[in-house]
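The values are calculated or read from the model by the stated rules, or taken from the named source; none is laboratory data. These numbers were taken from a predicted model, which means no experiment stands behind them. FYI the Cβ positions are ideal-geometry reconstructions off the backbone, even for glycines, and counts take in every protein chain you see. SASA here: full protein model, heavy atoms, side chains in, ligands and nucleic acids out. Shrake-Rupley method; radii C 1.70, N 1.55, O 1.52, S 1.80 Å.
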Amino acid sequence: MAKVISLVNQKGGVGKTTTSINLAASLGVQHKKVLLIDADEGARCLDSLLSIEQNTVADLFDVLNDFDAFYDALVSVPELKGVSVILSPILNQPIDFSKLSALLKQVQEKYDYIIVDTKGQIPAERLGGLDLTADFIAVTTTDFISVKNTGNLVSELSKFNIKCRLIINRFKPRDNKGKKICIDDIIDSARAR
């Protein structure tokens with residue numbers, strides 16, 4: 001049964017999509033079968049970053065409304081061995097995370113890992129609709145706004161009994177003003193482990 005990993009943060013631009021791709025790629029080279037789902041409604045960019053900008057027959061919205069579209073929505077990435085992708089809809093159509101959770105349960109036997117790349121600014125209560133067996137990873141950068149938003153999201157997710165791990169992306173030992181950045185302070189402020 002697949003391990004589900006959902007990358008989250010309420011702020012865009014912290015590197016969730018890049019981290020999702022790198023995680024999928026690293027698992028693929030370990031001969032793992034990976035499904036990478038772009039759940040970044042309205043800001044689909046996995047296709048551009050992976051150079052698979054082809055027209056797809058179906059996307060995540062189609063699959064969530066009709067499971068028969070699942071195989072039509074799968075896109076192979078030649079450079080990422082073992083990785084299949086389902087793209088987010090181009091139009092800003094809200095993703096029903098309870099339906100996404102049901103989809104994950106239907107396909108978990110087919111993959112070793114399922115990685116869900118979510119959009120920034122998504123309310124915690126919508127993420128609460130995902131299967132609680134998923135591992136949630138909050139991706140942040142060291143800037144104050146990112147860390148603050150991460151802490152807020154982690155706090156909100158805890159109301160749904162969801163615990164988050166933390167990836168600090170683009171870590172620099174000093175901020176733009178030359179002040180030393182303490183990684184422990186970021187972890188404490190983000191309230192994730």
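One residue stands out in the stretch 70-100 among those that are among the hydroxyl-bearing types (Ser, Thr, Tyr) and at pLDDT below 85: the one that is nearest to the chain's Cα centre (by Cα), namely SER88.
A single entry from ASN169, ASN176, ASN161 fulfils the requirement of being among the polar types (S, T, N, Q) and under 18 Å from the mean Cα position of the chain (by Cα): ASN169.
Residues checked against (1) open to solvent by less than 100 Å² (accessible area, probe 1.4 Å); (2) within 24 Å of VAL4 (Cβ to Cβ); (3) at pLDDT below 80:
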residue	(1), (2), (3)
THR142	yes, no, no
ILE145	yes, no, no
LEU153	yes, yes, no
LYS163	no, yes, no
SER189	yes, no, yes
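The sole residue among SER88, SER26 that is touching a Lys or Arg at 6+ places or on another chain (Cβ under 6 Å) and either within 24 Å of LEU166 (Cα to Cα) or of a type in the set (Ser, Thr, Tyr) (or both) is SER88. Examine the stretch 60-68 for a residue that is among the charged types (D, E, K, R) and touching an Asp or Glu at 6+ places or on another chain (Cβ under 6 Å), and state whether such a residue exists. No, there is no match, as no residue in the stretch 60-68 is among the charged types (D, E, K, R) and touching an Asp or Glu at 6+ places or on another chain (Cβ under 6 Å). Name the single residue, out of those in the stretch 106-134 being at pLDDT 85 or above and either of a type in the set (Phe, Trp, Tyr) or not in a helix (DSSP H, G or I) (or both), that is surrounded by the fewest Cβ atoms within 10 Å (Cβ to Cβ). In this case the residue turns out to be ASP112. Of the helices (runs of 4 or more DSSP H) that lie entirely inside the stretch 1-75, those containing 1 or more residues that are out of contact with any helix residue (DSSP H, G or I) (no Cβ under 6 Å at 6 or more places or on another chain), crowded, with 23+ Cβ neighbours inside 10 Å and small (Gly, Ala, Ser) span 16-28.
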